[in-house]
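Report on the structure given below.
The values are calculated or read from the model by the stated rules, or taken from the named source; none is laboratory data. Because the structure is predicted, anything quoted here is derived from the model rather than measured. Quick reminder, even Gly has a Cβ in these numbers, built from the backbone with ideal geometry, and neighbours come from all protein chains shown. SASA here: full protein model, heavy atoms, side chains in, ligands and nucleic acids out. Shrake-Rupley method; radii C 1.70, N 1.55, O 1.52, S 1.80 Å.
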Amino acid sequence: MRLAAILAMTILLAPACSAEPETPAEVTGLIIALEQSDRGPITGFTVDAEGQRYDIRIDRERDYGFELEHLEEHRAQELPVRVTLEERDDGLYAMAIEDA
């Protein structure tokens, strides 16, 4: 009986353990890399938020309220940012980027 209960618990918990973690609505951390196309505009960046890395894309239709080249200053000086995220079919997008 006890073995059957353990087996049942294992079967019930297995899907929960294998599920991918949910994407947070917001992350705060350091920019550790910038993505840029042949000296063109910045197209994305990577944030390290307490050891978890997030590859974030820039939404070309969005006005972030500053020149995106400012993100290089944050990367170089290790100044944290707070990024509001939206998950889309092709990746994570920044909805807002602020000093943290």
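Only a single item in (1) in a strand (DSSP E or B); (2) open to solvent by 70 Å² or more (accessible area, probe 1.4 Å); (3) not aliphatic (A, V, I, L, M) is not met by R75, and it is number (1).
Yes/no matrix, rows are residues, columns are (1) among the aliphatic types (A, V, I, L, M); (2) modelled with pLDDT under 95:
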{"position": "T43", "(1), (2)": "no, no"}
{"position": "R53", "(1), (2)": "no, no"}
{"position": "R62", "(1), (2)": "no, no"}
{"position": "D89", "(1), (2)": "no, yes"}
{"position": "A96", "(1), (2)": "yes, no"}
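Listed conditions (1) within 17 Å of A100 (Cβ to Cβ); (2) at pLDDT below 95; (3) not polar (S, T, N, Q) are all met by R39, apart from (1).
Under the condition of being of a type outside the set (G, A, S) and either in a loop (DSSP other than H, G, I, E, B) or open to solvent by 50 Å² or more (accessible area, probe 1.4 Å) (or both), the residues counted in region 44-53 number 3.
Looking across E87, E61, one residue alone is open to solvent by 100 Å² or more (accessible area, probe 1.4 Å) and assigned to a strand (DSSP E or B). It is E87.
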